[in-house]
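Input: a single structure, listed below in structure tokens.
The values are calculated or read from the model by the stated rules, or taken from the named source; none is laboratory data. Because the structure is predicted, anything quoted here is derived from the model rather than measured. For neighbour counting, all protein chains shown are included, and Cβ atoms are generated from backbone atoms with ideal geometry for every residue, glycine included.
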Amino acid sequence: MTLISSDISSFPDFHPIPVQDAFYEPQRTLWHVTRYHEVQRILTDYHAFSSAHREHNPFRRQVAMGQFISIIGMDPPRHRQMRGLVSQAFTPRAIARLEPRIAQICHELLERVIVNGRMDVIDDFSYPLPVTVIAEMLGIPVGDRSTFRYWSNIVIAEDEAYPEDERKRVLDEMHTYFGHILEQWHKEPKEDDLISDLMKAELDGEQLSVPEIIGFCTLLLIAGNITTTNLIGNAFLCFDEYPDALAQLYADPSLIPNAIEEVLRFLPPVIALSRYITADTKIDGKQAQEGQWVLPWIQSANRDEEQFADAQVFDIHRNPNRHLTFGHSIHFCLGAPLARLEARVALEIMLARLKEIKRDRFMPLERIASQFIYGVKHVPIAFTPAV
């Protein structure tokens, strides 16, 4: 076990709200919830805490995203129908079939930098890996990935980071881009990608609408690469802060899956979600009213001592590890198995091919601008290539 050190320079601007009773922010009609059991309840009870899009939202980013029809912005029964349809592409068997290609991409990315003895984990590896996988799943041009990254950065950014008109322009660009992809599909139908499956699928005897398909493609492209990008990046932040954990992984790579779960708990790429209160209810014994909003803070719930013994300890042997980073209940992240697979294969290959990994501490770390996502823009490392 490694106790948290007093120097947390590897985690810039990471300040979880202490685990405490829920409190209300009247300016935004917003409840902040940090206790594990309450966060879990809010993520589970979709009757009282809705995910459906609302025009009056304290987060402008989510209002803008409302133009896309996405399963993360739906409640049952439509959510259950849509999820059942698209989940066919994320069955354990379907995800397992991707492992050889994921490994191939990892090796190709490392081949470009290994002779240099240094790399940026984000730019050179953890961003291009998932976005390539997602682009190939969808059957869209991998060469557009710099554009995908630009879109993703703006969509996830906190409200103040970009003007509202720029955010709207980006969302319009994404809508137009996927609309063009669907037009091309009608002209030249394909057989072996996810968009083809969605175009042919039927829901209650009807085919998915163009907005529904565009919404899912947009969600998959953004959420599918953001999570894995920051999971791998955050893993190296943890290993830099706690080098004995990295040494244990070098000595025993079978610990990698467990280490990934601890990174997800300890430095989660998704730190909070939002829900709309649809009926008067109690939160931590306090009265909340219909029409108010609630932020269940995942990063705080993951540090709740009532759920995790020694919660402030980064322990790659922790078991069980029921963190809430991928959500819970009906909105549990559809892409979680893919993110875990990508992270496991990536770390296995990186630790096999790169020895003596150390972060370049002369280059300061900068957090990405987002209220809901945690990650840094760059993670520069130096290493010795394995013989």
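For the reader, a short list of remarks on this structure follows.
- Here 128, 100 are screened, and the one residue that is crowded, with 18+ Cβ neighbours inside 10 Å and over 20 Å from residue 334 (Cα atoms) is 128.
- Qualifying position, being under 30 Å from residue 45 (Cα atoms) and touching a Ser or Thr at 6+ places or on another chain (Cβ under 8 Å), among 270, 263: 270
- Against the conditions (1) surrounded by fewer than 17 Cβ atoms within 10 Å (Cβ to Cβ); (2) touching a Gly at 6+ places or on another chain (Cβ under 6 Å), residue 224 satisfies every one except (1).
- Counted residues, segment 245-298 - those being on the phi < 0 side of the Ramachandran plot, of a type outside the set (Val, Ile, Thr), in contact (Cβ under 8 Å) with a residue 40 or more places away in the chain and not in a helix (DSSP H, G or I): 16
- If the condition is being out of contact with any Asp or Glu (no Cβ under 6 Å at 6 or more places or on another chain) and farther than 18 Å from residue 41 by Cα, then segment 318-336 contributes 319, 320, 334, 335, 336.
- Hits in segment 1-58 - residues which are among the polar types (S, T, N, Q), modelled with pLDDT under 95 and either part of a loop (DSSP other than H, G, I, E, B) or under 26 Å from residue 239 (Cβ atoms) (or both): 2, 5, 6, 9, 10, 29, 51, 57
- Summed over segment 59-99, residues that are touching a helix residue (DSSP H, G or I) at 6+ places or on another chain (Cβ under 7 Å), more than 24 Å from residue 25 (Cβ to Cβ), modelled with pLDDT of 65 or more and of a type in the set (A, V, I, L, M) total 7.
Table: residues versus (1) out of contact with any Pro (no Cβ under 9 Å at 6 or more places or on another chain); (2) farther than 26 Å from residue 204 by Cα; (3) surrounded by 15 or more Cβ atoms within 10 Å (Cβ to Cβ).
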position: 89; (1), (2), (3): yes, no, yes
position: 135; (1), (2), (3): no, yes, yes
position: 141; (1), (2), (3): yes, yes, no
position: 145; (1), (2), (3): no, yes, yes
position: 165; (1), (2), (3): yes, yes, no
position: 171; (1), (2), (3): yes, yes, yes
position: 176; (1), (2), (3): yes, yes, no
position: 190; (1), (2), (3): yes, no, no
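- For segment 312-330, the tally of residues that are touching a strand residue (DSSP E or B) at 6+ places or on another chain (Cβ under 7 Å) and within 18 Å of residue 37 (Cβ to Cβ) stands at 1.
- Residue 139 being at positive phi and at pLDDT below 95: yes
- Of all residues in segment 341-379, those being surrounded by fewer than 19 Cβ atoms within 10 Å (Cβ to Cβ) and in a strand (DSSP E or B) number 4.
- Only listed residue being of a type outside the set (Gly, Ala, Ser), part of a loop (DSSP other than H, G, I, E, B) and in contact with a helix residue (DSSP H, G or I) (Cβ under 8 Å, 6 or more places away or on another chain), chosen from 140, 181: 140
- The listed residue being in contact (Cβ under 8 Å) with a residue 24 or more places away in the chain, of a type outside the set (Phe, Trp, Tyr), farther than 22 Å from residue 42 by Cβ and in contact with a strand residue (DSSP E or B) (Cβ under 8 Å, 6 or more places away or on another chain), out of 342, 356, 348: 356
- Answer residue from segment 31-54, given it is buried (at least 17 other Cβ atoms within 10 Å of the Cβ) and aliphatic (A, V, I, L, M) and is farthest from residue 301 (Cα to Cα) among those: 48
- All told, residue 184 meets the bar of being at pLDDT 85 or above, of a type outside the set (D, E, K, R) and on the phi < 0 side of the Ramachandran plot.
- Total residues in segment 284-304 satisfying the condition of being more than 26 Å from the chain's Cα centre (by Cα) and among the hydrophobic types (A, V, I, L, M, F, W, C): the figure is 1.
- The listed residues are 203, 237, 255, 273, and the only one of them that is in contact with a helix residue (DSSP H, G or I) (Cβ under 8 Å, 6 or more places away or on another chain) and either modelled with pLDDT of 95 or more or closer than 19 Å to residue 174 by Cα (or both) turns out to be 255.
- Matching residues, segment 315-340, being part of a loop (DSSP other than H, G, I, E, B) and either touching a Lys or Arg at 6+ places or on another chain (Cβ under 8 Å) or surrounded by fewer than 16 Cβ atoms within 10 Å (Cβ to Cβ) (or both): 317, 318, 319, 320, 321, 322, 323, 325, 332, 334
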